[in-house]
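Everything on this sheet refers to the single structure shown next.
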Amino acid sequence: MTSIMDEPLELNAEALQAALDQVAYYTYAIARPKPGATSDAKPIAGVDPHHPVQAIVHADLLMLVSAVALAEYDLSVLESHLQDRTWLEFLATAHQRVMTELLESYTLLPLKLCTLYTDKDRARTALVDNAAQFRTTLDQIEGAVEWGVKVYCDKAALAAWAAHSAPQLSQLASSVATASPGARYMLEKRLQRAAQQASDDLRRSYVYASHSLLSAHARAAEQNPPQPAQIHGRSDDMVLNGAYLVDESRADAFAAAIEELRTEYEQRGFTFVLTGPWPAYSFSASSSNAEDA
């Protein structure tokens, strides 16, 4: 991101208005219209709601952008904004709103949050220079959307299931109940270790089975690192943070697979949360290659 404001502005009304009149172009995605998408769709407000999303066109490719005040997104100001969690959350929410609305009509190759160009000529040059790579990635994701699946595990419920389903734990528990006081302590410690190991083994097995089933219904799949509790805000542990590129024609089958997993594993302490559909954020290797300028 390069500022075109080389001179400090005087603090007067005229200079302030001049600064507000200068714009940069906030860039959301490289896109191609979906088959049958109408060209007369209603305008979509950008991250700055005063400016609608517009397209910079090169052959079959579009770069979807909207104007923003350069005074708000100049590099020196933006660096400070990006340290402001409230500002960043507001921007991310607005960005996602725009992307969700665009997804109805376009195959989207998402670009990084806060990809900016100081003028349309620079944006168009980036589009032209990277056109071949953009087309390759769009071909890979066309006709599909991303679904997120987060799986949480209730440790106590899983431990109860393990104790019920693992014969060796039942045998150890019986031994503890009939042991002499001297032997009981060591047997209890052994039972605790065995119960923890059984729970861990079941958790890994269930996560693997869940990811495998969902992957079978997807064009591509990724396992992202599970989020910590301070991010997801739940008391249960996140054990799977999956992303799945699913053909739009197979969305119902993918949803049915989620229901199958819920039926199989919810009584064992697992909760499945489906999010989406999203643009193919996790499957757009070129999304970081358009340089801001």
*Could you list all residues from segment 236-268 that are in contact (Cβ under 8 Å) with a residue 12 or more places away in the chain, within 22 Å of ALA159 (Cα to Cα) and not acidic (Asp, Glu)?*
MET238, VAL239, LEU240, ASN241, LEU261, TYR265, GLN267, ARG268
*Hey, any hits in segment 157-165 for a residue that's not β-branched (Val, Ile, Thr) and not in a helix (DSSP H, G or I)?*
no
_Among the numbered criteria (1) over 29 Å from the mean Cα position of the chain (by Cα); (2) within 23 Å of ALA126 (Cα to Cα); (3) modelled with pLDDT under 70, which one does GLN22 miss?_
(3)
*Do any residues in segment 219-231 that are assigned by TED's automatic domain parsing to the domain that holds PHE254 and farther than 17 Å from GLU146 by Cβ have Cβ atoms under 8 Å from those of residues that are loosely packed, with under 14 Cβ neighbours inside 10 Å and not β-branched (Val, Ile, Thr), where the two are at least six apart or on different chains, and which pairs are they?*
ALA229/SER235
*Taking interchain pairs and intrachain pairs at least six residues apart, which have beta carbon atoms under 8 angstrom, with the first residue in segment 100-129 and at positive phi and assigned by TED's automatic domain parsing to the domain that holds ILE30 and the second surrounded by 15 or more Cβ atoms within 10 Å (Cβ to Cβ) and not in a helix (DSSP H, G or I)?*
CYS114/MET1; CYS114/TYR26; CYS114/ASP292
*May I ask you to verify whether ALA59 is loosely packed, with under 15 Cβ neighbours inside 10 Å, touching a residue at least 12 places away in the same chain (Cβ under 8 Å) and closer than 17 Å to ASP139 by Cα?*
yes
*asked:* Being at pLDDT 95 or above and not in a helix (DSSP H, G or I) narrows it down to one residue among TYR244, TYR208; which is it?
replied: TYR244
_Any residue at all in segment 73-82 that's under 27 Å from the mean Cα position of the chain (by Cα), without any contact (Cβ under 8 Å) to a residue 40 or more places away in the chain and under 22 Å from ILE231 (Cβ atoms)?_
yes
*Please list, ordered by first then second residue, the pairs with beta carbon atoms under 6 Å, 6 or more apart or interchain, first in segment 199-216 and farther than 18 Å from VAL246 by Cβ and in the same structural domain as ALA157 (by TED's automatic domain parsing), second surrounded by 11 or more Cβ atoms within 10 Å (Cβ to Cβ) and modelled with pLDDT under 95.*
SER199/LEU158; SER199/ALA159; SER199/ALA162; LEU202/ALA162
*Starting from segment 8-36, take each residue that is basic (Lys, Arg) and list its partners that are at pLDDT 60 or above and crowded, with 18+ Cβ neighbours inside 10 Å, counting only C-beta distances under 8 angstrom and pairs at least six apart or across chains.*
ARG32/LEU61; ARG32/LEU62; ARG32/TYR106; ARG32/THR107; ARG32/LEU138; LYS34/TYR106; LYS34/THR107
*All positions within segment 96-133 that are of a type in the set (Ser, Thr, Tyr) and farther than 21 Å from ALA69 by Cα*: THR100, SER105, TYR106, THR107, THR125
*Residues in segment 231-254 that are within 10 Å of HIS217 (Cβ to Cβ) and in contact with a helix residue (DSSP H, G or I) (Cβ under 6 Å, 6 or more places away or on another chain): how many?*
2
*Sort out which residues of segment 94-135 are among the polar types (S, T, N, Q) and surrounded by 21 or more Cβ atoms within 10 Å (Cβ to Cβ), and write them in order of number.*
THR107, THR115, THR118
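The values are calculated or read from the model by the stated rules, or taken from the named source; none is laboratory data. Quick caveat, the model's predicted, so the values are computed rather than measured. When we count neighbours, we look across all protein chains shown, and the Cβ atoms used for this are built from the backbone with ideal geometry, even at glycine.
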